[in-house]
Amino acid sequence: MVDKMLMMILIPLITAFLTTIILKQHKVVWTLFLAVSGYLSYTLFTMYGAWDLTWSIELGYKIFDSNLVLSLANNPLGWFFAFFASVTTMLIAMFSIAFNDDKHDSKTAPIWLILIFANIGIFFAQDWLMFFGMWEMMSMSSYFMIAHGKEIPAKAAKFYLSLSLVGTSTLLLGIISVARLSQTFDINASIDSLINLFATDYNKAILYIGLFAVTFFIKSAVFPFYMWPSKAYAESPDDFTPFLSTVMSKYGIYGIVLFILPILQNADIPALGQINEPAYILAVLGAITSVLGTILAIFETDMKKLFAYSSVANIGYIVMGLSTLSIIGIQGALFHSINHMVIKSAIFLSLAAVIYRTGEREMHKLGGLAYRMPLTFMVYLLGIISAAGIPPLNGFASKWLIIQALMSQNMLFVVIAMIFASTGAFMYLFRVLASVFLGQLPDKYKHIKEAPLLMAIPMTIIMLLMLAIGVLPGIIMKPVNAVLIGMGYDVQEASWTTVHSAFSNSDLNVTNIFYIFMAGAAIALVFYLFSAKSVKVTQDDNYTAGELPSDWGTTPERFNFSYGFYQPFKEMFNPMMDLISFDRWMAAFGKIVERISNGLSVLYTKSEGAILMLYIGVAILIIGGWII
Amino acid sequence: MFNINSLEQQDNQDKLWDKVINYFRKRSLWMLHYCTGCGAMELPPVMTSRWDMERFGIGPMATPRQADILLITGYSSVRTMKRIIRTYEQMPEPKWVLAFGSCTVNGGMYWDSYNVINNLGEYIPVDITIAGCMPRPEAILDSMLKLMDMIQAGEAKAFRKYKENYAYYKANQDRLFMERGPVLESAALRYVHEETEGGEA
Amino acid sequence: MMTVFNIILYSLFAILVGLIFLGIGRKVAARVHLRYGPPFYQSIIDVIKLMSRESITHNFVMDLGMVMALTGLIGTMLYIPIAGHIAFESNTNIIVIMYLMAIGHLGMAMAVSASGNPYANIGVSRALTMMLGYEVPFFTVMLGLIIYNQSSSVMVINLAQAGSIWNWNIWQMPIGFIAAEMALQAMMGEKPFDAMIAPAEIASGPMVELSGRYLGLGFLTKAVGVFVETALIVNFFFGGGTSVITFVIKQLEVFLIAVIFDNIFPRYKIEQAVKFLWIFPMGLAVIQLILLAI
């Protein structure tokens, strides 16, 4: 019997090389991809509870008097993320078979498989060497995924890569400094040693945590690094964007839960309010992330960029949940991580189906697709209802948990930020619905068809999943609580229907809300059915003060109100937006540097300061290495 | 439960249910005032505190979709006629038309204008015409009350006349637009009607 | 069985009360204008007329959306305690109520957008912007209540004010009450915050293409919405009520304040409205919150 753990990381790797040989046969390649992700999901499913499953290899070198070991181990937290990530990947893979036809084939399956290999490695890594190696592998392969051999995407990917480089350099620095402290590369040992460090040298400990935090923040796009998703998500292959948004944005979250959270909870840090100072910084960063992500999403006209910012906002909620350091907050954050996976895969897959049929990404050039692609519309509709956190679907319970946790920790202004972000979410979510799926159908899209069957199947599964989790939160809450018990937290086993909170009289029976909703629907339907019949008219039969739009040369595209959908709102924010625009700041900085060093100007101005970022990364390594 | 009276049911007006529904219809008349001419000036006093038509449940509405009554408040030129017809056709049934002043009957002081129609009733079916140049607010209120009585009695059925005799109205409309020439390219109205047999007025 | 009966009873009660409130509101508005005004049951007549009328639909989304709108509001209503009574065994959580209400807004927005009329979309975009404007201050006030009572259950907040009239939260947190009233004005879409309707400007915005049964459902949604919003304020600040009758009278009082303000103010532009909401009610709410937290 070959080691299960080893098999699990080797199979994607071997398949990656196999698929490189037969890259032209796109059907075979993507079916293999589906098979691998299916295999991973199944294996992970059987691995639940077997927490003693490990695999390790001794390298035979010695640093800090300890043997260098590369090791993977099954652990509750890693399993939790890995399992749901691979299930999501499986659904996306099914979609990819249909998406990557002769015309749309991005030929990225091998790299994607390497990415999945790195994915498993990150979630099960037991020591920092393995973690770092896999992290680097993930950064590199995702760079190639985003670029996928095209020019414009390559620019976006370069930006992403240079940011990743900063991230990996700080990670490396952090690992070395922590390893020197604990004399070993083991992750758990380093957590203990950092907790001890807090007692002796507070500032140093904060610095070390900060080094890790920068890496995790970059990968999850938390506040100072919020801008890369809008570039990278928009340009990556349309069937890869869901993976980027659902799985890859969770690496940072995983890192925070794995490493930073236990330290903040257990270390001897002076309290600030009901939590402590570093946690407050985390909360504020989360709040800024979600508010900024929301506002930027409202202003976006490109639907993929819009949802990239929406992902940023959602990561903000999760970070806020984690920053409460309370059981309920962590429950909410983990629950929301999975919900975000489900929701964003629904949304991005339905948008990918739209792009597959129309080839258009700008919202204002589309319209009325609900009448041609009703299933895609339904998937998207349920997706946004969940994403807005409206009760009978899944996004609600997790948001509710996070809000309750924030309120019970008296983090009042963070709660207000959360409410702002989740109300603002209606604005951008609805904008896409109105611009893409509703309104006037342009003439050139009169004949498009519903998404093909292989796309429809995963979308339908996700739709049902959203409903199922929404009605029975226990589907996710049970694993969440099992994970928390496995990590040593003191929690009860979750119930199928009810989520708990710290306040009095606030055990929320989510299934009951579903019943209430159905009761409301029944009554509304009675009113609807007992009223007079309606007559159907054509889409251009609209009230226009008696005019015929066609008399004025108005085509259906131009008859839609969708380009400046929130123009007045945008104008309110314009002066403020100029101040905080990171791109502008970068450009200005680049210009100053250009003037100073005329000879090197080319290096700084190309691709929005990407090369500058690269130099920053290198500089961090050099300076950091010198200090340590 | 609720049912629009179809053409066949036209004569079964004595049904209790229709009487009940007619009561609600007459007590809640929403009007769309197409302010073509000077007659519109008489509407504000009717709506505001002097005569207050809201006490009968009559109120102004913004679009034809919501309205029950279309008020043509004065003379209508060929250009506005096209808009009037489109607006009328966009209103859901049951719908009623009130024509204001002598302009809508015989052209009034514009009777020999090259660009003003003389008799509105030739182009869309009119339920009540209010005489006067201009009609007094009392006359307007009186016509509203008269319309309410007609609705209760099941007599205000002009919109059905339009359906039955669509060929006649359409011919008149086409002749008007043809003679005077289309102001804009596509004078054709896009509203699709069911073809009804034997339309003679 | 009892629950089913309760649900039907509560929803019909809310719809009826909401419609009568709208009628009384029109009557009061007429008296402000020195008019006689329609009878108080005028709204009921309007709804029956609309329901019995032919209506015009553009596609299936319109039907789906309007039913969703009423569903959301009735669902919300079933979640709110009325004078201590509740249709359904639940914890009456404030956040659930806020989010359930949102489904009504979403359904309405979807239905009107489906008509493809640009006016409707302009109205919806304004309504959603306005929502961001009022939701934040309103929630901040509620946050104060939640922190004060250490519970996010409407029922608990309600019961904490039992006994004397001086236990009402309106005396405990008057600044918060003023902020909530301002936000409520926007929530009900009354002037000066009615930029989304604006009949003279964008032809009644979201309602532009609604006719017959759709407008009827919209009216019912509005009626239940008025009921829900006033009931929330009564529960939060006026100590609920000992009986259903006192509860409804308090609701009417809250509604009439809104109606009178509606009739004496002109209309803000949308960005002015949002700025106003973020400066004045939000500022008051934050002051209240700080006062409570200290």
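The values are calculated or read from the model by the stated rules, or taken from the named source; none is laboratory data. Nothing here was measured: the structure is a model prediction, and the numbers come from that model. Cβ: placed from backbone, ideal geometry, glycine included. Neighbour counts: every protein chain shown.
The one condition from (1) in the same structural domain as A:Q25 (by TED's automatic domain parsing); (2) out of contact with any Asp or Glu (no Cβ under 8 Å at 6 or more places or on another chain); (3) closer than 28 Å to A:L465 by Cα that A:D102 does not meet is (3). Within the stretch A:392-418, the set of residues being at the interface with chain C (Cβ under 9 Å from one of its Cβ atoms) and surrounded by fewer than 24 Cβ atoms within 10 Å (Cβ to Cβ) comprises A:S408, A:N410, A:L412, A:F413, A:I416. Out of the residues in the stretch B:115-134 that are touching a residue at least 40 places away in the same chain (Cβ under 8 Å), assigned to a loop (DSSP other than H, G, I, E, B) and over 17 Å from B:W96 (Cβ atoms), which is farthest from the chain's Cα centre (by Cα)? Going through the qualifying residues, I end up with B:N115. Which residues, taken from the stretch C:125-134, are in contact (Cβ under 8 Å) with a residue 40 or more places away in the chain and at the interface with another protein chain (Cβ under 7 Å from one of its Cβ atoms)? Of everything in the stretch C:125-134, those that are in contact (Cβ under 8 Å) with a residue 40 or more places away in the chain and at the interface with another protein chain (Cβ under 7 Å from one of its Cβ atoms) turn out to be C:T129, C:L132. The stretch A:208-308 holds helices (runs of 4 or more DSSP H) entirely within its bounds, and those carrying 1 or more residues that are of a type in the set (S, T, N, Q) map to A:228-235, A:261-266, A:277-299. Could you check, for the stretch A:322-342, whether at least one of its residues is modelled with pLDDT of 90 or more, assigned to a helix (DSSP H, G or I), surrounded by 24 or more Cβ atoms within 10 Å (Cβ to Cβ) and of a type in the set (S, T, N, Q)? Checked against the condition, which is being modelled with pLDDT of 90 or more, assigned to a helix (DSSP H, G or I), surrounded by 24 or more Cβ atoms within 10 Å (Cβ to Cβ) and of a type in the set (S, T, N, Q), the stretch A:322-342 yields at least one hit.
Do we find a residue being assigned to a helix (DSSP H, G or I) and closer than 30 Å to A:T358 by Cα anywhere in the stretch A:70-86? Yes, there is a match, as at least one residue in the stretch A:70-86 is assigned to a helix (DSSP H, G or I) and closer than 30 Å to A:T358 by Cα. For the stretch B:136-148, the set of residues classified as touching a helix residue (DSSP H, G or I) at 6+ places or on another chain (Cβ under 6 Å) and either assigned to a loop (DSSP other than H, G, I, E, B) or within 14 Å of B:G101 (Cβ to Cβ) (or both) consists of B:P137, B:I140, listed by residue number.
When B:A99 is tested against (1) surrounded by fewer than 24 Cβ atoms within 10 Å (Cβ to Cβ); (2) small (G, A, S); (3) closer than 14 Å to B:I130 by Cβ, only condition (1) is not met.
Within the stretch A:125-146, being in a helix (DSSP H, G or I) and either among the basic types (K, R) or more than 21 Å from the chain's Cα centre (by Cα) (or both) holds for A:W128, A:L129, A:M130, A:G133.
Within the stretch B:12-65, the set of residues being in a loop (DSSP other than H, G, I, E, B), within 26 Å of B:I85 (Cβ to Cβ), within 10 Å of another protein chain (Cβ to nearest Cβ) and of a type outside the set (A, V, I, L, M) comprises B:S28, B:T63, B:P64, B:R65.
Could you check C:A29 against (1) under 23 Å from the mean Cα position of the chain (by Cα); (2) more than 7 Å from every other protein chain (Cβ to nearest Cβ); (3) without any contact (Cβ under 8 Å) to a residue 12 or more places away in the chain and say which number it fails? Checking C:A29 against (1) under 23 Å from the mean Cα position of the chain (by Cα); (2) more than 7 Å from every other protein chain (Cβ to nearest Cβ); (3) without any contact (Cβ under 8 Å) to a residue 12 or more places away in the chain, the one that fails is (3).
Mind checking which residues of the stretch C:262-281 are part of a loop (DSSP other than H, G, I, E, B) and surrounded by fewer than 15 Cβ atoms within 10 Å (Cβ to Cβ)? Steps first, please.
At the first step, the residues of the stretch C:262-281 found to be part of a loop (DSSP other than H, G, I, E, B) are C:265-269.
Those that are part of a loop (DSSP other than H, G, I, E, B) and surrounded by fewer than 15 Cβ atoms within 10 Å (Cβ to Cβ): C:F265, C:P266, C:K269.
Any residue at all in the stretch C:60-82 that's more than 24 Å from B:W51 (Cα to Cα), in contact with a Phe, Trp or Tyr (Cβ under 9 Å, 6 or more places away or on another chain), more than 14 Å from chain A (Cβ to nearest Cβ) and touching a residue at least 24 places away in the same chain (Cβ under 8 Å)? Checking the stretch C:60-82: at least one residue is more than 24 Å from B:W51 (Cα to Cα), in contact with a Phe, Trp or Tyr (Cβ under 9 Å, 6 or more places away or on another chain), more than 14 Å from chain A (Cβ to nearest Cβ) and touching a residue at least 24 places away in the same chain (Cβ under 8 Å).
When the stretch A:517-542 is filtered for residues that are at the interface with chain C (Cβ under 7 Å from one of its Cβ atoms) and assigned to a loop (DSSP other than H, G, I, E, B), the ones remaining, listed by number, are A:S531, A:A532, A:V537, A:Q539, A:N542.
Just one of the numbered conditions (1) in a loop (DSSP other than H, G, I, E, B); (2) under 21 Å from the mean Cα position of the chain (by Cα) is not true of C:M98: (1). I'd like to check something: does the stretch A:547-554 contain any residue that is modelled with pLDDT under 85, facing chain B (nearest Cβ under 9 Å) and either touching an Asp or Glu at 6+ places or on another chain (Cβ under 6 Å) or buried (at least 20 other Cβ atoms within 10 Å of the Cβ) (or both)? Looking through the stretch A:547-554, at least one residue is modelled with pLDDT under 85, facing chain B (nearest Cβ under 9 Å) and either touching an Asp or Glu at 6+ places or on another chain (Cβ under 6 Å) or buried (at least 20 other Cβ atoms within 10 Å of the Cβ) (or both). Give the residue, chosen from C:I178, C:I202, that is among the β-branched types (V, I, T), more than 30 Å from A:A532 (Cβ to Cβ) and in contact (Cβ under 8 Å) with a residue 40 or more places away in the chain. The conditions single out C:I178. Go through C:M142, C:M188 for me and flag whichever is away from every other protein chain (no Cβ under 12 Å) and among the hydrophobic types (A, V, I, L, M, F, W, C). Residue meeting the stated conditions: C:M188. Residues satisfying the criterion are absent from the stretch A:502-510 (criterion: modelled with pLDDT under 85, within 30 Å of C:G205 (Cα to Cα) and surrounded by fewer than 16 Cβ atoms within 10 Å (Cβ to Cβ)). Output the residue which, of all residues in the stretch A:89-138 that are crowded, with 24+ Cβ neighbours inside 10 Å and hydroxyl-bearing (S, T, Y), is farthest from A:F216 (Cα to Cα). The selected residue is A:S96.
So if I check each of A:G424, A:G367, A:G389, A:G439, which one is crowded, with 24+ Cβ neighbours inside 10 Å, on the phi > 0 side of the Ramachandran plot, within 10 Å of chain C (Cβ to nearest Cβ) and under 19 Å from the mean Cα position of the chain (by Cα)? I'd like the intermediate steps shown before the answer.
Working: A:G424 fails: on the phi > 0 side of the Ramachandran plot; A:G367 fails: under 19 Å from the mean Cα position of the chain (by Cα); A:G439 fails: under 19 Å from the mean Cα position of the chain (by Cα).
The match here is A:G389.
Tell me, yes or no, whether the stretch A:12-25 has at least one residue that is more than 26 Å from A:S96 (Cα to Cα), in the same structural domain as A:L72 (by TED's automatic domain parsing) and part of a helix (DSSP H, G or I).
Taking the stretch A:12-25 and keeping what is more than 26 Å from A:S96 (Cα to Cα), we get none.
Scanning the stretch A:12-25 turns up no residue that is more than 26 Å from A:S96 (Cα to Cα), in the same structural domain as A:L72 (by TED's automatic domain parsing) and part of a helix (DSSP H, G or I).
Rundown of residues vs (1) touching a strand residue (DSSP E or B) at 6+ places or on another chain (Cβ under 8 Å); (2) under 18 Å from A:L382 (Cα atoms), yes/no style:
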{"residue": "A:K444", "(1), (2)": "no, no"}
{"residue": "A:G474", "(1), (2)": "no, no"}
{"residue": "A:M477", "(1), (2)": "yes, no"}
{"residue": "A:V491", "(1), (2)": "no, no"}
{"residue": "A:F503", "(1), (2)": "yes, no"}
{"residue": "A:L508", "(1), (2)": "yes, no"}
{"residue": "A:I513", "(1), (2)": "no, yes"}
{"residue": "A:A522", "(1), (2)": "no, no"}
{"residue": "A:S531", "(1), (2)": "yes, no"}
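For the stretch B:77-87, residues that are in contact with a Phe, Trp or Tyr (Cβ under 8 Å, 6 or more places away or on another chain) and either more than 9 Å from every other protein chain (Cβ to nearest Cβ) or within 21 Å of B:E138 (Cβ to Cβ) (or both) total 2.
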